[in-house]
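Peer 1: Pasting a structure below so you can have a look.
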Amino acid sequence: MNKWGLRFIKLLGYLVVAGAIAFGVDLYRNNDVPTTVPSELTLTSLAGEPLSLAKMSEATPVVLYFWATWCPVCPTVSPTVDWLSDDYTVISVALRSGHDKKVSAYLESNQLDFTTINDDRGQISRRFNMGVTPTILIINNHKVTSATSGFTSPPGILARLWFSKLQN
Amino acid sequence: MKTAKFVGYLRWFSVCLSLLMSSLSWAQGSPSTGWLTSSDHDAVQVKLAVTGEFNPETRTLPALLTVQLKDEWKTYWRAPGEGGIPPRIDLASSQGIERIDWHWPTPSEYYVQSIRTAGYKHQVTFPLEIVVSEATERAQLDAVFTLSSCTNICVLTDFPLQLNIDVNQLTPDSEQSFAFAQAMSQIPQPIGSAEVTHADYNADDQQLSFVLSRTSGWDSPQVFVHSDDKQLNEVVFKLVQQKVSVDGKRLTASFKASHWLELPELVNRQVSITVNDDPFSAAYATQLDRSTSTTTNEALDSMTIWGALFAALLGGLILNIMPCVLPVLGIKVQSLIANSNASARQVRYQFLATAMGVISTFVVIGALLGLLKLSGVRISWGMQFQNPWFITTLAVITLAFAINLFGLYQIRLPQWLNQWALKSQRSSLLGHFSQGVFATVLATPCTAPFLGTAVAFALGAPMYLLLLIFFGLGIGMALPWLSIAAFPQTRKLLPKPGPWLKWVKPIFGALLLATSVWLFTLLTPHWSKASSESTSAEQTSERPWQTLSFKTIHQAVTQGKVVFVDVTADWCITCKANKLGVLEQEPVYSALAAPDLIRMRGDWTVRNDYITDYLRAYGQYGVPYNRVYGPGAPEGIELPIILTSDAVMQAIKEARNE
């Protein structure tokens, strides 16, 4: 085998190890997150449209993004999620970030187009045992297949989406 | 008997009940919540304790709210920056408590990638003053303390705070009282050794600019802004370019204001500036003045590329006849006359070479300024003359040229260059090209009519426009050479070369030598920074010139005085010409000595961000610059670059409201 082949295999090895660590960290960080989404749970977006996460996740994996206006880390992740929302189903939950008008204004001024549920009092987040922002859950066919908090890179989220599809 | 037993039980029960009441409900001494933790988030714990003191006058109970954060966890200041939320107490179902006044210790800045927040790490103690309602003796605190904490994730945690306080039952705890006094001493106060010398707001770019000066100079200060004004409650102040700039005693910081809905008017509003330059920390309340840059910026915004290009051409052309050209006059004249016996073809090439030298130098200067701008440096026209290394290099080159002209020695080019140059007459072309370069480099520190406008437009424009405008400036300045190159016969108008040229050479040499000496003298302010400050208050008559200060201008104008501002630099010959030709001549000299007139000078010889900001406020990027303020013109009247007695006298008259 030539030198480049070896390098390629090495690189692949690194990626697998890094992926495994990330996956392990995900599991460790979020062992409280429920494993399934209750099928009766229907939420209402800022625009007023009813959303059933479970139902939506039957057709395609759903990215559920928990964020907050008071979270200085979130602006580093939100644009990535917004970019994903062009091609994937993305629902975001604004955790205890104030009234609807304020959250809408925040989304608009930061040019974020994803569908958002305003969880003003933190009740929805509590159902997911979720107090940490930014957090990205991936829901596939009623099941929470991945949960990750903190910085997440675009390839990181895409890898998790693919992984979620593989599991199915 | 039975009754007696029952009464006994009852008595026992009532004793138990009262014991329970006093121990659980109405605690005596100095009640504390003890350390509170949350099962959701074990990285933080909080404690609220009153000191046991009560001030019946103000009805306040001093208390300490201590927050402990593990590892890299942070919580936030009252104005947390872009994101983050300050810790807050919701009184919820408390009884007998009017409000809680917070005191905020000096924060530190933290960055999450490019997002700046102000907050605290490890441990922070907030001194609180709990205000008890009128005619209340037993206050019941049943509140929720909401604390946000972040690492690379953020958590909002609610802690129930419950304390029952009977103001008559309190006994001061000396340890808590001391801790409270200590915590209060950490709250930043206005300290006299530093002051806010300038604070303004520009509605055009929503920017607040502050200048703070400190007698012992700044080290690595962090600056924070907040406002207690209720209407500015949700305004976020974002530090521009993520840094404050320090120039010795002077600190400059700009903040961009934003609001999630609509930004309220900020002019004349009260804001507070907190500085943390460990161990120094202080806070100053200041009112925001209106930034004076508004009008000029509007003029610039409405300017088209064509207008700017035309201004660039004209400005470049005018540069040829500005006093600034004096040091290179010798070179220029020589380049014109020494070649008049060459063939038309040769002349065309030679003049084209000089023009190329001029143009390419402008483009290079433009590119360098553009790159500096991208790296966040405050750029300006002629700023290279604020650099001692640049001046030294120029002085040495001029000296070498002068000696060469005297014929004392011949400059020997490196051999490879010599060989390359010898081929096909490149020698003379290279010489002409470098003459163009040299003339441009030496003649460009001062601004000129139209040039200022073109440069201001260019420096605010994207890179390709910046280069285009500088290219235009180069064409403008090179126009005389270009026109001779286009019509070589015009050279006949120039004096014919002859034996007299032999005598002219040493004269040019002497001129160049003078230039070199002048350049060396420019280095003096760089040798000691202190001397440059004293020159700014240099004495031309009985009253000294004051150092440029926005604050003083505003104060003087409100007192009905007239302020004459002169921004100048030692290397700016046009400034010298203005001084000798107008400012120190009658009638201006006497007018400036009037008792109700304050003369203010900004010496830009060495880099000074405050003066750069002053110029920038009026859309200017170079010197000379003069402006007159007064009751009749609080925003000031801009004077022409080349001063005239009439213009100065007229402006003073208008400013005085005569």
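The values are calculated or read from the model by the stated rules, or taken from the named source; none is laboratory data. Just so we're clear, the structure is a prediction, and the values are computed from it rather than from any experiment. A quick note on method: Cβ atoms are made from the backbone with ideal geometry, for glycine too, and the neighbour counts reach across all protein chains shown. Just the protein is used for accessible areas: all its heavy atoms, side chains included, with ligands, DNA and RNA removed. Shrake-Rupley method; radii C 1.70, N 1.55, O 1.52, S 1.80 Å.
Peer 1: Taking 30 Å as R0, compute the FRET efficiency from the Cβ-Cβ separation of B:W527 and B:A594 and round it to 0.05.
Peer 2: 0.25
Peer 1: Which whole number gives the average count of other chain Cβ atoms within 10 Å of the Cβ atoms across peptide B:147-153?
Peer 2: Per residue, the average neighbour count from other chains is 5.
Peer 1: Okay, next question. Got a sec? Charge dipole of the range A:33-167, +1 on Cβ for Lys and Arg, -1 for Asp and Glu; which of A:V62, A:L107, A:L137 is way out at the positive end?
Peer 2: My answer, from the dipole projection, is A:L137.
Peer 1: Can you list the residues of the range B:66-114 that have at least 40 square angstrom less accessible area with all protein chains present than in their chain by itself, probe 1.4 Å?
Peer 2: B:V112, B:Q113
Peer 1: Using a loss threshold of 40 Å², tell me which positions in the range A:37-76 are less accessible in the complex than in their chain alone. Probe radius 1.4 Å, ligands and nucleic acids ignored.
Peer 2: A:W70, A:P72, A:V73, A:T76
Peer 1: Further question on the same structure: Would you please put B:599-610, B:266-277 in order of how densely packed they are, using the mean number of other Cβ atoms within 10 angstrom per residue and starting with the highest?
Peer 2: Packing proxy ranking, top to bottom: B:599-610, B:266-277.
Peer 1: While we're here: For each pair in B:K551/B:K579; B:K230/B:K551; A:K55/A:K165; B:K74/B:K373; B:K243/B:K551; A:K102/B:K47, compute the distance between the two Cα atoms and list the pairs where it is over 28 Å.
Peer 2: Beyond 28 Å between Cα atoms: B:K74/B:K373; A:K102/B:K47.
Peer 1: Right, something else. Of all the C-alpha pairs in the range B:89-210, what % are more than 22 Å from each other?
Peer 2: The calculated P(r) of the range B:89-210 puts 58 percent of pairs beyond 22 Å.
Peer 1: Please check the range A:80-116 for residues whose accessible area, probe 1.4 Å, is lower by 20 Å² or more when all protein chains are in place than in their chain alone.
Peer 2: A:R96, A:K101, A:K102, A:A105
Peer 1: What fraction, in whole percent, of alpha-carbon pairs in the range B:584-658 exceed 14 Å separation?
Peer 2: 64
Peer 1: Can you compute 3J(HN,Hα) from phi for each residue in the range B:585-600, using the Karplus curve 6.51 cos²θ - 1.76 cosθ + 1.60 with θ = phi - 60°, rounded to whole Hz and x for Gly and Pro?
Peer 2: Coupling constants for the range B:585-600: 10, 6, x, 5, 4, 5, 4, 6, 8, 4, x, 8, 10, 9, 9, 10 Hz.
Peer 1: Taking 2.2 N^0.38 Å as the expected size of a compact globular protein, what ratio does the Cα radius of gyration of the range A:33-167 give against it, to two decimals?
Peer 2: The value comes to 0.95.
Peer 1: Also: By the scheme Lys and Arg +1, Asp and Glu -1, what is the net charge of all other residues having a beta-carbon under 14 Å from that of A:L46?
Peer 2: -4
Peer 1: How big is the range B:534-656 by the Kirkwood estimate over distinct Cα pairs, in Å?
Peer 2: Roughly 14.2 Å, rounded to one decimal.
Peer 1: What does the charge count near B:V112 come to, summing +1 for each Lys or Arg and -1 for each Asp or Glu among other residues with Cβ under 14 Å from its Cβ?
Peer 2: Residues close to B:V112 contribute a combined charge of +1.
Peer 1: Could you work out how far the C-alpha centroid of the range B:156-176 sits from that of the range B:69-146, in angstrom?
Peer 2: After rounding, the separation between the Cα centres reads 16 Å.
Peer 1: Any idea what the dipole of the range A:33-167 comes to, in debye rounded to 20, about its Cα centre with Lys/Arg Cβ at +1 and Asp/Glu Cβ at -1?
Peer 2: Rounded to the nearest 20 debye, it is 460 debye.
Peer 1: Ignoring everything but the protein chains, give the 1.4 Å probe accessible area of A:M130 in square angstrom, nearest 10.
Peer 2: Accessible surface of A:M130 is approximately 10 Å².
Peer 1: I've got another one for you. Counting only heavy atoms of the protein chains, get the accessible area per residue of the range B:573-658 (1.4 Å probe) and round it to a whole Å² value.
Peer 2: Heavy-atom accessible area per residue stands at 37 Å².
Peer 1: For a quick check of your reading of the filter: which GluC sites (Glu not before Pro) in the range B:221-287 sit in a DSSP loop and have no more than 10 other Cβ atoms within 10 Å?
Peer 2: Listed in order of number, the matching sites are B:E262.
Peer 1: Helix by helix, which DSSP H runs in chain A go 27 Å or more along their axis at the Cα atoms and have an average Kyte-Doolittle hydropathy of -1.0 or more?
Peer 2: Long hydrophobic helices here: A:3-29.
Peer 1: Taking both sides together, what accessible area is buried at the B/A interface, probe 1.4 Å, expressed in Å² and rounded to the nearest 100?
Peer 2: 1700
Peer 1: Counting only protein heavy atoms and using a 1.4 Å probe, what share of the accessible area of the range B:172-275 belongs to carbon plus sulfur, as a whole percent?
Peer 2: C and S atoms contribute 45 percent here.
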